[in-house]
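The values are calculated or read from the model by the stated rules, or taken from the named source; none is laboratory data. Only a predicted model underlies this, so the values are computations on that prediction, with no experimental measurement involved. Virtual Cβ from ideal backbone geometry, glycine too; neighbours counted across all protein chains shown.
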Amino acid sequence: MKPGVSSERAIILAPTGRDASVAAALIREAGYYANLCTDLAGLMHEIEGGAGLAVIADEAIKTADLRRLVNWLNDQPSWSDFPIVLLTRQGGGPERNPDAMRLGQILGNVTFIERPFHPTTLVSIVGSAVRARRRQYQTRSILEDLTESESLLQTAMDAGHLGALELHLPHFELEASSTCKSYFGRRGGEQFTYEDLLEAVHPDDRARRLAIVQETIDTGRDYRIEYRVIWPDGSHHWVDVRARAVRRPDGGIKSLVGVCSDITARKTAEIERETLLAQLAVERTALAELSATLEQRVEQRTADLMQEVTARERVQDQLRQSQKMEAIGQLTGGVAHDFNNLLMAVMGNLDLLRKRMPEDPRLRRLVDGALQGAERGASLTQRLLAFARQQDLRAVPVDLGALVRDMSELLERSLGPRITLRFDIPDGLPAACVDTNQLELAVLNLAINARDAMPDGGVIEIRLAAWQAKNDQAKNDQTKSDPALRPGNYLKLSVVDSGTGMSPDVLKRAIEPFFSSKPVGKGTGLGLSMVHGLAVQLGGALQLSSAVGKGTTAVLVLPVATALPAVESPAPAAEKVKRSAVILLVDDDPLIAMSTMEMLEDLGHRVIGASSGQHALDILRSDQEIDLMMTDHVMPGMTGIELVAASRKVRPDLPVLLATGYAELPDGIQVDLPRLAKPYHQDQLRERLDQLLGQGTRQHTAAASADSLATPSTLSPSP
């Protein structure tokens with residue numbers, strides 16, 4: 001087969017994943033041919049039809065029956081050395097993988113590429129293999145020509161171009177035919193003795209010839225030798241002499257009888273072939289040196305492409321973990337929302353029951369115990385919502401340095417006398433955009449975790465520093481940006497301990513909800529989950545680094561606020577409250593609606609119920625007097641926010657109270673509606689209604705609420 005499409009194509013066997021299609025596309029883009037096959041039988045069919053090389057994924061042949069392939073490789077003609085490129089997994093090269101070493105030994109001419117591979121590496125190796133295969137085809141053509149010449153020569157000798165000779169022992173008397181004499185440069189009628197033969201042998205071949213003759217005489221083995229002869233005219237020739245011992249009756253050797261032939265043409269061809277092969281060897285050496293140079297360059301680039309790959313893998317791991325936490329967070333948020341609704345009904349009914357039950361101390365203890373359990377459940381749902389990044393946050397510009405310093409007394413009381421607390425807080429840091437109460441709780445959580453990691457006491461250091469997230473962090477930056485962080489200005493609040501530290505497996509799961517390395521009963525496993533959720537909901541991140549026996553560093557990355565911290569304004573003067581009002585209550589959950597209606601009516605208000613946003617709009621469009629609308633947010637068909645926006649077109653001055661424990665609001669919208677977090681007590685409901693129903697505040701509140709529905713958040717990381 002002449003070199004061409006079939007003989008130079010790359011046959012690719014990688015039945016799993018996208019390796020086959022990717023490799024084929026790269027090879028074709030480089031100007032070479034590539035065919036795909038799905039199994040080893042298909043590969044063999046393609047190879048036997050003609051190919052330049054094979055690209056094989058190791059998993060496709062690691063456990064396969066390779067006898068057909070190995071037999072084909074072993075049966076290759078002398079000119080052929082079929083190249084194979086073996087794709088291994090990362091870390092699966094022959095130096096570290098016995099299976100890869102075994103395959104290399106079995107298959108012969110194998111080049112290993114570890115996946116994921118660089119396109120340049122694959123194309124370079126394929127190009128080298130194709131060029132080497134072309135040279136093999138050229139060698140085949142030359143060898144075919146030589147073989148044909150040798151075949152013609154052999155045919156001529158079989159037709160009678162052989163010289164006969166007999167050497168009589170022990171006196172070495174030679175008898176030679178005319179053809180034999182002609183091969184030594186003598187004419188048929190000339191005398192040709194054994195001494196003449198010895199004289200004709202090339203000086204460099206005489207010792208070797210005599211040794212073989214003596215070995216035949218001593219052992220009786222067949223005599224066979226090729227050597228050079230010098231004719232009387234000085235020309236050099238080659239003869240092939242073969243003989244067999246003829247024995248006397250007593251077993252002694254009588255003579256050596258054989259034939260000789262002129263093999264000058266063949267020898268000349270062989271010499272030329274050896275010269276060509278030597279040239280090919282030189283070229284192969286040069287190619288190997290070039291390949292080595294390329295490998296050195298690839299290794300150098302790899303030593304340089306690896307730090308970046310490691311960093312990319314770290315970011316990809318962070319992204320996968322972030323996606324995992326996102327999925328868990330969505331599930332957790334939904335569960336917490338439903339649990340909040342149940343607690344709302346329980347707490348509301350218990351509040352009313354406690355007000356109306358007889359003065360029985362035992363009954364009061366039972367109701368108080370039930371309320372305490374419900375409040376603990378409410379605290380748990382708040383932690384779950386914090387992890388799910390769906391808690392109700394009031395993010396404002398805050399001086400973190402002042403906040404942490406103000407917490408020092410609380411922290412010292414919480415940590416105990418065996419813990420030394422140190423601060424590293426420079427002056428002049430910008431304000432951060434945070435929820436003060438939630439951040440204080442997060443810092444306290446981190447400090448208590450650090451204390452628990454140092455049972456024998458130790459030092460906890462709280463640091464504060466400015467930091468900027470860029471698109472491409474420095475390669476040696478150990479705090480490389482979380483993939484969820486946008487470029488911008490941040491503050492890093494670090495809590496550092498010298499405690500027991502965490503193993504890699506524990507560190508990887510540290511922020512998962514309900515996962516805790518503490519003994520049973522010593523923690524809920526929601527502390528770090530809540531801190532992580534708070535940081536992400538604020539637009540930042542929680543970064544953990546730890547090593548067993550070397551302590552833990554927890555870093556809260558918080559966005560810098562674009563506005564200055566607000567100056568506290570004096571509390572507004574108490575206003576006269578309308579104690580009896582008509583309230584439109586909108587909630588799709590009948591249990592919540594019934595409980596809330598009972599609490600409102602117990603406070604002296606008249607309640608109109610609506611089970612959906614559309615139902616509420618129908619009531620608002622009527623002539624019914626309404627003093628305030630109280631609505632849930634998460635409802636089917638129309639959310640509370642959408643209901644408020646639609647209600648502004650009907651009753652623009654109507655005060656609205658958003659009652660929800662679920663803070664997942666539309667992106668880009670900062671809602672300043674008055675809110676009441678579920679679950680709540682009747683006292684909290686009364687206080688919020690008193691604020692909204694105060695005389696003279698209704699119009700201001702309504703206007704502010706309407707504006708807030710379309711106002712994007714202005715508290716975000718600095719560009």
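Within region 186-210, the set of residues being hydroxyl-bearing (Ser, Thr, Tyr) and assigned to a helix (DSSP H, G or I) comprises just one member, Tyr194.
This table checks each residue for (1) within 30 Å of Ala402 (Cβ to Cβ); (2) at pLDDT below 90.
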{"position": "Ala465", "(1), (2)": "yes, no"}
{"position": "Thr479", "(1), (2)": "yes, yes"}
{"position": "Gly501", "(1), (2)": "no, yes"}
{"position": "Pro504", "(1), (2)": "no, yes"}
{"position": "Leu507", "(1), (2)": "no, yes"}
{"position": "Glu512", "(1), (2)": "no, yes"}
{"position": "Val520", "(1), (2)": "no, yes"}
{"position": "Gly525", "(1), (2)": "no, yes"}
{"position": "Leu528", "(1), (2)": "yes, yes"}
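Looking only at residues in region 75-110 that are in contact with a Pro (Cβ under 6 Å, 6 or more places away or on another chain) and small (Gly, Ala, Ser), which one is modelled with the highest pLDDT? Of everything passing the filter in region 75-110, Gly104 is modelled with the highest pLDDT. Any residue that is under 30 Å from Leu162 (Cα atoms) and exposed (fewer than 15 other Cβ atoms within 10 Å of the Cβ) - is there at least one of those in region 292-305? Within region 292-305 (the criterion being under 30 Å from Leu162 (Cα atoms) and exposed (fewer than 15 other Cβ atoms within 10 Å of the Cβ)), the answer is no, since none of the residues qualifies. At pLDDT 90 or above, crowded, with 22+ Cβ neighbours inside 10 Å and not charged (D, E, K, R) - does that describe any residue in region 566-581? Scanning region 566-581, I find no residue that is at pLDDT 90 or above, crowded, with 22+ Cβ neighbours inside 10 Å and not charged (D, E, K, R), so the answer is no.
Assess whether Ala34 counts as being at pLDDT 90 or above and touching a helix residue (DSSP H, G or I) at 6+ places or on another chain (Cβ under 8 Å). Considered against the rule, which asks whether it is at pLDDT 90 or above and touching a helix residue (DSSP H, G or I) at 6+ places or on another chain (Cβ under 8 Å), Ala34 comes out as yes. Pairs are defined by a Cβ separation below 6 Å, a sequence spacing of at least 6 or placement on different chains, a first member in region 263-279 that is within 22 Å of Thr179 (Cα to Cα), and a second member that is surrounded by 15 or more Cβ atoms within 10 Å (Cβ to Cβ) and not aliphatic (A, V, I, L, M); the pairs so defined are Ile263/Trp238; Ile263/Asp240; Thr264/His237; Thr264/Trp238; Arg266/Glu150; Lys267/Trp238. Only one entry in Arg209, Arg242 is crowded, with 18+ Cβ neighbours inside 10 Å, among the basic types (Lys, Arg) and farther than 16 Å from His168 by Cβ, namely Arg209.
Those strands (runs of 3 or more DSSP E) of region 211-313 in which at least 2 residues are in contact with a Cys (Cβ under 6 Å, 6 or more places away or on another chain) and at pLDDT 90 or above, considering only elements entirely within it, cover 236-247.
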